Amino acid sequence: MLPPKNLVPTLYAGWAAFQESLTKALNPLGEAQLALRAAPHLRSVDQIARHIIGARARWFYMLFEEGGPAFKTLGGWDRPDAPARSSAELQQGLGETWTGMQTAIASWTAEAWQQTWAGEDESEPDMITRPWVIWHLIEHDLYHGGEISLTLGIHHLPAIGL
């Protein structure tokens, strides 16, 4: 049984709405608020947002060879030695990765969608496909966006609007 024809546009529309809500939630945050954590051993809001940006850029740059030097740089934003970023920088990183991903996705041919790569560790399937990476990034954004939302809520700040 095939999925309804409107499923893919609906998923992308939902992902786009989440991107906008995440960016909007980060907009008013200052340095102290970006440093907040849900618990001392967990990542800060800044670190989580940088992780979302870094993962997007790495998948597209390292696997798909998309995004060029900008994605290569953004792919390192969540490394342990990477500096903290301001709200404006995080919003810019989210925007650049979003635009870059959407531009790449729109350019892929039917043949490109069929391309496969071998998985490299136990967290990945044996065979990686473009649809798998896209879904992985959607779930990754939602999961870590939820962490940001929870952290903001714990500290009585507006969470990500859904």
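Brief remarks on what is shown
- Checking each residue in the stretch 23-70 for being at negative phi and touching a Gly at 6+ places or on another chain (Cβ under 6 Å) picks out I53, G54, A57, R58, F60, Y61.
- Filtering E20, E66 for residues that are acidic (D, E) and open to solvent by less than 60 Å² (accessible area, probe 1.4 Å) leaves a single hit, E66.
- The lone criterion from (1) under 21 Å from W15 (Cα atoms); (2) touching a strand residue (DSSP E or B) at 6+ places or on another chain (Cβ under 8 Å) left unmet by G95 is number (2).
- Single residue of the stretch 122-137 satisfying the filter (among the hydrophobic types (A, V, I, L, M, F, W, C) and open to solvent by less than 70 Å² (accessible area, probe 1.4 Å)) that is farthest from L22 (Cα to Cα): I128
- Residue list for the stretch 90-116, filter: surrounded by 11 or more Cβ atoms within 10 Å (Cβ to Cβ) and assigned to a loop (DSSP other than H, G, I, E, B): W108, Q115
- Taken as a whole, the condition of being closer than 19 Å to G161 by Cα and not β-branched (V, I, T) does not apply to L42.
- Of the set (1) open to solvent by 40 Å² or more (accessible area, probe 1.4 Å); (2) in contact with a strand residue (DSSP E or B) (Cβ under 8 Å, 6 or more places away or on another chain), all apply to G119 but (1).
- Qualifying residue in the stretch 125-143 (condition: under 22 Å from A39 (Cβ atoms), touching a residue at least 60 places away in the same chain (Cβ under 8 Å) and more than 20 Å from the chain's Cα centre (by Cα)): no
- Single condition R56 does not satisfy, out of (1) among the charged types (D, E, K, R); (2) part of a helix (DSSP H, G or I); (3) open to solvent by less than 80 Å² (accessible area, probe 1.4 Å); (4) farther than 15 Å from H140 by Cα: (4)
- Residue identified as out of contact with any His (no Cβ under 6 Å at 6 or more places or on another chain) and at positive phi among H140, H156: H156
- Against the test of being over 26 Å from T116 (Cβ atoms) and open to solvent by less than 30 Å² (accessible area, probe 1.4 Å), the options L42, L29, L36, L74 yield a single qualifying residue, L29.
- Taken over the stretch 139-162, the criterion of being within 15 Å of E20 (Cα to Cα), in a helix (DSSP H, G or I) and open to solvent by 20 Å² or more (accessible area, probe 1.4 Å) is satisfied by L142, G146, S149.
- Taking first residues from the stretch 60-85 that are more than 22 Å from L26 (Cα to Cα) and partners that are assigned to a loop (DSSP other than H, G, I, E, B), the Cβ contacts under 6 Å between residues at least 6 apart in sequence or on separate chains come to F60/E66; F60/G67; Y61/G67; Y61/G75.
The values are calculated or read from the model by the stated rules, or taken from the named source; none is laboratory data. The model shown is predicted, which means the values in this text are computed figures rather than measured ones. Note that we place each Cβ from the backbone using ideal geometry, even for glycine, and neighbour counts take in every protein chain shown. Only protein heavy atoms, including side chains, enter the accessible area calculation; ligands, DNA and RNA are left aside. Shrake-Rupley method; radii C 1.70, N 1.55, O 1.52, S 1.80 Å.
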